[in-house]
Amino acid sequence: MHDALFQPIRLGAITAPNRILMAPLTRGRATPPNFVPNAMMETYYRQRAGAGLIISEATGISVEGLGWPNAPGIWSDEQVEGWKPITDGVHEDGGRIVLQLWHMGRIVHPDFLGGNPPVSASATTAPGHAHTPTGRKHHVQARALSVDEIKRVVEDYRKAAENAKAAGFDGVQLHGANGYLIDQFLRRSTNLREDEYGGSAENRARLLGEALDALIDVWGADRVGLRLSPNGETQGADDPDPAETFGAAAKVAEDHKIAFLELRQPGPNGTFGATDVPKQDAYIRGIYTGPLVLNSDYTPEEAASDVESGRADAISFGRPFISNPDLPTRIAKGAHLAENVNVPQSWYLPGEAGYIDYPTLEQEAAASA
């Protein structure tokens, strides 16, 4: 009944053997204080190499852009060397992996920046609390980037893309979702600018296009993807006209001929964010003609149905991949899916528990024999 999920698909230059993609998942296991990937992360990604394509956890492009304890970076030589065994391991186990490039913008707390304020499209403050090495703290007001600084941020994306290539990835995905920097420029609630990066939807999508230009210069369009979250508020980023805003973003993706577009679209009963704002994939499908990947709270049955109907070309699964390292195998065999335990503590706490200690279906069968 899940046959549609097990047809190969071309995502630009990448051939995925199935349509069950691993969504980007922040897990907070890199080595402090320099945000360096490590051997435990190699085990984690190797265990999940059966995904049609692994989209890595969000990875900081610069010190300025990373504000999550023990998340990995890709701006230093040490980080590049830390990623190499991970990409090698995934490839040795038959997988494919792209690196998601992340600038958190106003979500970065000054504790990560030597006391300096974070940067964003405009001088706004995110709601709620930031995660810091010393606990949760209130967000602070961001400083608006100047036009010259925006050009420097674009170069940070370019350098990160070069480092991703040196680290052995198969491509990169631009993180344009979830209320982070690109999203802060896209949405009206966080972009109050009156220059060429503000006002119209096309202007607010300008940074998105310039960042994609930089990534494509390094990788070619057929190895660059994009993630957007086009419906509903996220971390205080919102827009009164999501069709206008994300139609413009989809047009940028179409014009750049990127390898794939992934949409995170929670519904009214979303388990990690919920919204009544209608999903935008049907509208975006009429603008972006490349492979479309949908995400958020999918069951295997729903995923197969949306791929079979043509609504999506592939589905990315997030949390199911945490506790089911062999998720495609389990779906193919109609086996039970293991539930997360101690959620959300095990998502982010350092150590192996809740990270690399989930058994495969084969290991479960051997243990019960």
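The set of residues in region 274-287 that are within 19 Å of the chain's Cα centre (by Cα), in a loop (DSSP other than H, G, I, E, B) and crowded, with 17+ Cβ neighbours inside 10 Å comprises LYS279, GLN280.
Criterion applied to ASP357, ASP297 was being buried (at least 16 other Cβ atoms within 10 Å of the Cβ) and either part of a loop (DSSP other than H, G, I, E, B) or at pLDDT 95 or above (or both), and the one residue passing it is ASP297.
Hey, does region 77-92 have a residue that's part of a loop (DSSP other than H, G, I, E, B) and touching a helix residue (DSSP H, G or I) at 6+ places or on another chain (Cβ under 8 Å)? Checked against the condition, which is being part of a loop (DSSP other than H, G, I, E, B) and touching a helix residue (DSSP H, G or I) at 6+ places or on another chain (Cβ under 8 Å), region 77-92 yields no hits at all. Could you tell me whether ALA161 is over 15 Å from LEU66 (Cβ atoms), out of contact with any Cys (no Cβ under 6 Å at 6 or more places or on another chain) and part of a helix (DSSP H, G or I)? The answer is yes for ALA161. Taken together, the residues in region 138-179 that are touching a residue at least 12 places away in the same chain (Cβ under 8 Å) and under 22 Å from GLN79 (Cα atoms) amount to 23.
LEU263 meets each of the listed conditions (1) buried (at least 17 other Cβ atoms within 10 Å of the Cβ); (2) touching a residue at least 60 places away in the same chain (Cβ under 8 Å); (3) not in a loop (DSSP other than H, G, I, E, B) apart from (2).
Checking the stated criteria, ILE315 turns out not to satisfy the condition of being touching a His at 6+ places or on another chain (Cβ under 6 Å) and either touching a residue at least 60 places away in the same chain (Cβ under 8 Å) or of a type in the set (Gly, Ala, Ser) (or both). If you check PRO350, PRO320, PRO344 for being farther than 24 Å from ILE14 by Cα, free of Cβ contacts under 8 Å to residues at least 24 places away in the same chain and not acidic (Asp, Glu), only one passes: PRO344. Scan region 323-341 for residues that are in contact with a Lys or Arg (Cβ under 7 Å, 6 or more places away or on another chain) and touching a residue at least 40 places away in the same chain (Cβ under 8 Å) and jot them down. Scanning region 323-341 gives a single hit, PRO325. Looking only at residues in region 230-260 that are outside any helix (DSSP H, G or I) and under 29 Å from ARG10 (Cβ atoms), which one is farthest from the chain's Cα centre (by Cα)? Filtering region 230-260 for residues that are outside any helix (DSSP H, G or I) and under 29 Å from ARG10 (Cβ atoms), the one farthest from the chain's Cα centre (by Cα) comes out as LYS257. Which one is nearest to ARG311 (Cα to Cα), of the residues in region 1-60 that are charged (D, E, K, R) and outside any strand (DSSP E or B)? My answer is ARG19. State whether the residues of region 64-79 include one that is within 18 Å of THR190 (Cα to Cα) and modelled with pLDDT of 95 or more. Yes, region 64-79 contains at least one residue that is within 18 Å of THR190 (Cα to Cα) and modelled with pLDDT of 95 or more.
Go through the residues of region 113-134 one by one and say whether even a single one is under 26 Å from ILE54 (Cβ atoms), polar (S, T, N, Q), surrounded by 18 or more Cβ atoms within 10 Å (Cβ to Cβ) and modelled with pLDDT of 95 or more. No, every residue in region 113-134 fails to be under 26 Å from ILE54 (Cβ atoms), polar (S, T, N, Q), surrounded by 18 or more Cβ atoms within 10 Å (Cβ to Cβ) and modelled with pLDDT of 95 or more. Has region 140-153 got any residue that is under 20 Å from the mean Cα position of the chain (by Cα), surrounded by 14 or more Cβ atoms within 10 Å (Cβ to Cβ) and in a helix (DSSP H, G or I)? Yes, that holds for at least one residue. If you go through region 93-112 and pick out every residue that is surrounded by 21 or more Cβ atoms within 10 Å (Cβ to Cβ) and part of a helix (DSSP H, G or I), you end up with 4.
Of all residues in region 307-354, those that are in a helix (DSSP H, G or I) and polar (S, T, N, Q) total 5.
The values are calculated or read from the model by the stated rules, or taken from the named source; none is laboratory data. Model, not experiment: these values are computed from the prediction. Backbone-built Cβ (ideal geometry, glycine too); neighbour counts: all protein chains shown.
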